[in-house]
Amino acid sequence: MGLLSALRRRILADLDSRLAPRFHEIFDADPVTIYDVGAAGGVFTPYRDGPVGWAPVIGFEPHPESYRQLIDAGLPEHVTLHNLALADQDGPITFYAGKEEDRTRSSLRPIDYIGSGNEKITIEALTLDAAPEHLGIPPANFIKLDTEGTEDLVIKGGAQMFAHEILGVQTEITFWTEQSGGVSFSQIDSRLSELGFVLFDLQINRSDVRVIGGRKDKVRSGDALYLRNFDHLWSEDGNQTVLRSKLMKLMSLAIGWRYLNYALELADFGHAHGLLDGQEFEAIVTPLTRTNDLSDRVPSFPGRMGLALLFDSLSYALYPNMKKGVPFSFNSLGNHWVVRNGRSNPSSVSLHCPVLKSGTVNLAKTIHVTKQDDAS
């Protein structure tokens, strides 16, 4: 481990461990299952501790050579990999396989626009909804999509799973699709919003081949992160055991990406609707309220803002690959620079623009950390 990585690990808040020991039986029986669709770049998981028993990863990689390389490199214990495409139909399907370094740009749609060699081959495909029964695997709770412009086909073939099981999505996005013919970000965002997902984050890539002028060219591609609005799952008449499990998983994913406000909202909702008792609420919330942002740990001093702007400008001028002066470790999905804070717990937390309707007034919400049934 490098010096910076060791320092980062030391100062960051250690959260989740699947919420609290009292919940471990729930995650032992029903872990957060992750699908990595388009796994050529390496197995993906949103959790810092990697693919473990509470976060098994099921990967799908249709390119024969990329699949073999992943298998030959060895897979972690809690990772399985399938040489299949996920699409909007079952059975043989045409696949445009990139060659050599362009293997990761392979797609179910033609890729001649990239200007390098590829071959048209026939591979096996499944719909997302058919995968659990066909492969004997659990449905996904979190899905990563990286299918070079065919993410819409995966979503179309997984209508039932996206409606009922999937709680979070990380998807590759493209803003400029005239040449590729792939699905655009606006189409993906519209469909996921209809299904009850909320856009939490964007990581943006820009066209950075410069002939004249500065490097802030048009937005080209990137990644987007969505988490499920629990309002779209909740029902007074629904199976409360199933809803409790989904609430736990969604809180775990929110904490995994360090969106602690949403995790706090979910815990408050769960307590108000009988999915969590007071002690369970406290066990989840207490570690969250003992954190803060890295910038809050830096003492104020004269010239602090000017110094920050200086470094920001220098990073843009001296680091050609940096996007708008944002350091690499911050220019990614999630809110990962949450650090430990030894202060006492607040009695309440005020949220701006909360996700859930319950308790929201004028785009704000106050959550009382100590519940009445906890008080002596």
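Just to be sure before I move on: is Leu243 over 18 Å from Ile173 (Cα atoms), modelled with pLDDT of 95 or more and either out of contact with any His (no Cβ under 6 Å at 6 or more places or on another chain) or among the β-branched types (Val, Ile, Thr) (or both) in the structure I sent?
Judged against the criteria, Leu243 is a match.
If only one of Phe60, Phe27, Phe95, Phe44 is touching a residue at least 12 places away in the same chain (Cβ under 8 Å), touching a His at 6+ places or on another chain (Cβ under 7 Å) and not aliphatic (A, V, I, L, M), which one is it?
Phe60
So which residues in segment 106-124 are buried (at least 20 other Cβ atoms within 10 Å of the Cβ) and either modelled with pLDDT of 95 or more or not aliphatic (A, V, I, L, M) (or both), if there are any at all?
Ser106, Ser107
The rows are residues; the columns are (1) β-branched (Val, Ile, Thr); (2) in contact with a Pro (Cβ under 7 Å, 6 or more places away or on another chain); (3) surrounded by 11 or more Cβ atoms within 10 Å (Cβ to Cβ).
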position	(1), (2), (3)
Ala272	no, no, yes
Leu275	no, no, yes
Glu280	no, no, yes
Thr291	yes, no, yes
Leu294	no, no, yes
Val298	yes, no, no
Pro302	no, no, no
Ala317	no, no, no
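Please pick out the residue among Arg244, Arg258, Arg220 that is on the phi > 0 side of the Ramachandran plot and either among the basic types (Lys, Arg) or in a loop (DSSP other than H, G, I, E, B) (or both).
Checking each option against the conditions leaves just Arg258.
Run down Gly270, Gly306 and say which single residue is part of a helix (DSSP H, G or I), touching a Phe, Trp or Tyr at 6+ places or on another chain (Cβ under 8 Å) and over 30 Å from Asp146 (Cβ atoms).
It is Gly270.
Examine segment 285-302 for a residue that is of a type in the set (Phe, Trp, Tyr) and modelled with pLDDT of 90 or more, and state whether such a residue exists.
no
Exactly one condition in (1) of a type in the set (Ser, Thr, Tyr); (2) under 27 Å from the mean Cα position of the chain (by Cα); (3) farther than 26 Å from Phe142 by Cβ is false for Ser315; which is it?
Among (1) of a type in the set (Ser, Thr, Tyr); (2) under 27 Å from the mean Cα position of the chain (by Cα); (3) farther than 26 Å from Phe142 by Cβ, Ser315 violates only (2).
Please report, ordered by residue number, the strands (runs of 3 or more DSSP E) entirely within segment 111-213 with at least 1 residues that are over 27 Å from Ser332 (Cα atoms).
Qualifying strands (runs of 3 or more DSSP E): 118-127.
Kindly indicate whether any position in segment 276-296 is within 28 Å of Gln187 (Cβ to Cβ) and not in a strand (DSSP E or B).
Checking segment 276-296: not a single residue is within 28 Å of Gln187 (Cβ to Cβ) and not in a strand (DSSP E or B).
So, of the residues in segment 346-376 that are modelled with pLDDT under 75 and either of a type outside the set (S, T, N, Q) or in a loop (DSSP other than H, G, I, E, B) (or both), which turns out to be nearest to Leu233 (Cα to Cα)?
My answer is Lys371.
Taking only pairs six or more apart or across chains, which ones have beta-carbon atoms under 6 Å, a first residue in segment 130-141 that is farther than 9 Å from Thr33 by Cα, and a second residue that is of a type outside the set (Ser, Thr, Tyr)?
Correct list of pairs: Ala130/Asp90; Pro132/Pro139; His134/Leu126; Ile137/Ile58.
Of the numbered conditions (1) without any contact (Cβ under 8 Å) to a residue 12 or more places away in the chain; (2) in contact with a His (Cβ under 8 Å, 6 or more places away or on another chain), Gly196 fails exactly one; give the number of that condition.
(1)
Filter segment 169-203 for residues that are out of contact with any Lys or Arg (no Cβ under 8 Å at 6 or more places or on another chain), within 24 Å of Thr104 (Cα to Cα) and polar (S, T, N, Q) and give the result.
Thr177, Gln179, Ser184, Ser186, Gln187, Gln203
Can you name the condition, by its number, that Asp268 falls short on among (1) within 18 Å of the chain's Cα centre (by Cα); (2) surrounded by 23 or more Cβ atoms within 10 Å (Cβ to Cβ)?
Condition (1) is where Asp268 drops out.
Can you name every residue in segment 24-83 that is surrounded by fewer than 19 Cβ atoms within 10 Å (Cβ to Cβ), in contact with a helix residue (DSSP H, G or I) (Cβ under 7 Å, 6 or more places away or on another chain) and among the aliphatic types (A, V, I, L, M)?
Once the filter is applied, which keeps residues that are surrounded by fewer than 19 Cβ atoms within 10 Å (Cβ to Cβ), in contact with a helix residue (DSSP H, G or I) (Cβ under 7 Å, 6 or more places away or on another chain) and among the aliphatic types (A, V, I, L, M), segment 24-83 yields Ile26, Leu81.
Would you be able to say whether some residue in segment 164-178 is charged (D, E, K, R), out of contact with any strand residue (DSSP E or B) (no Cβ under 7 Å at 6 or more places or on another chain) and modelled with pLDDT under 95?
yes
The values are calculated or read from the model by the stated rules, or taken from the named source; none is laboratory data. Remember, it's a predicted structure, so these values are computed and weren't measured experimentally. Neighbour counts are summed over all protein chains in view; Cβ atoms, including those assigned to glycine, are modelled from backbone coordinates with ideal geometry.
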